[in-house]
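Take a look at this one; I'll ask things after.
Read-outs: derived from the displayed coordinates by stated rules, not from any lab. Because the structure is a prediction, the values reported are computed rather than measured. FYI the Cβ positions are ideal-geometry reconstructions off the backbone, even for glycines, and counts take in every protein chain you see.
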Amino acid sequence: MNFLFDLPEGFDLVSDFLTLEEWLFVIVIPMAIVFGVTFYIGLERQNVGKAAGISAHVLVGLGALMISLVQRIMYYDQINAGLDPEGQRVIAQVVSGIGFIGAGVIMKDNKNIIHGITTAATLWFSALLGIVCGSGHLWEGAFFGLFVVIFITIRDLKRGLNPLRSNKNSIGARLNPNKKITVQVSEEEKWNLTQ
């Protein structure tokens, strides 16, 4: 196994890094929580017709999870090596960086109406959920994730929308090239259009 470096004889990279229980509670369960919640949030945003959908939410959540897992592992490695781990500020960069992604989905139209704040907030929540679960707070992450899923579901059902089905006004429905659109214009409107 001489890919990039030599491993000591008898060293198993997977089992010597984390035990099966650690793999389950440090990586697999947090990843499942983050993936499930961010997938649902992204599906709802996509079905409502917003710019950030499943891919954006899942990638933001899993990316933040990965960063917080790396910082957590680095922290324990530095403690075991007798170093001061106070110099780590990796997670703080996620919190500030997600602000730029969120700002990219907030737009102001020509009538000075601001759109995209809810989508920016759901992206921000996806990142924070990844940080919480990656930091080892599984119960808190599962609780807040479930709370947001229930909130979004109730909100959409009260609005008359099904968060699991595509809305007729969503981006996919509006951009369907096979759909024929007919517009009826009065004689007065035709005259105004030609001038």
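Would you kindly derive the ³J(HN,Hα) couplings of region 150-160 from the backbone phi angles with the Karplus curve 6.51 cos²θ - 1.76 cosθ + 1.60 (θ = phi - 60°), listing them in order in whole Hz, with x for Gly and Pro?
Values, residue by residue: 5, 4, 4, 5, 4, 4, 5, 5, 5, 7, x Hz.
I need two numbers for region 23-174: Rg to one decimal and Dmax as a whole number, Cα atoms only, in Å.
For region 23-174, the Cα radius of gyration and maximum Cα-Cα distance read 17.3, 59 Å.
By counting other Cβ atoms within 10 Å of each Cβ, how are Tyr76, Tyr40 ranked from fewest to most? Don't skip to the answer; put the middle values down first.
Values: Tyr76 11, Tyr40 19.
Going from sparsest to densest Cβ surroundings: Tyr76, Tyr40.
Taking the inverse of the average 1/r across all pairs of different Cα atoms in region 84-152, what Kirkwood radius in Å do you get? If you can, show how the numbers build up before the last one.
Values: mean 1/r = 0.0727 Å⁻¹.
Kirkwood hydrodynamic radius for region 84-152: 13.8 Å.
Find, among the trypsin sites (Lys or Arg not before Pro) in region 85-133, those assigned to loop by DSSP (not H, G, I, E, B) with at most 15 other beta-carbon atoms within 10 angstrom. Show your work: numbers first, answer last.
Numbers: sites: Arg89, Lys108, Lys111; in loops: Arg89, Lys111.
Answer by residue number: Arg89, Lys111.
What FRET efficiency do you get for Phe100 and Ala121 if R0 is 22 Å and r is their Cβ-Cβ distance, rounded to the nearest 0.05? Mind dumping the intermediate values first?
Working: r = 15 Å, r/R0 = 0.67.
Given R0 = 22 Å and the Cβ-Cβ separation, E is 0.90.
Right, another one. For region 66-93 and region 108-130, what is the centre-to-centre distance using only Cα atoms, to the nearest Å?
Going from one Cα centre to the other spans 30 Å.
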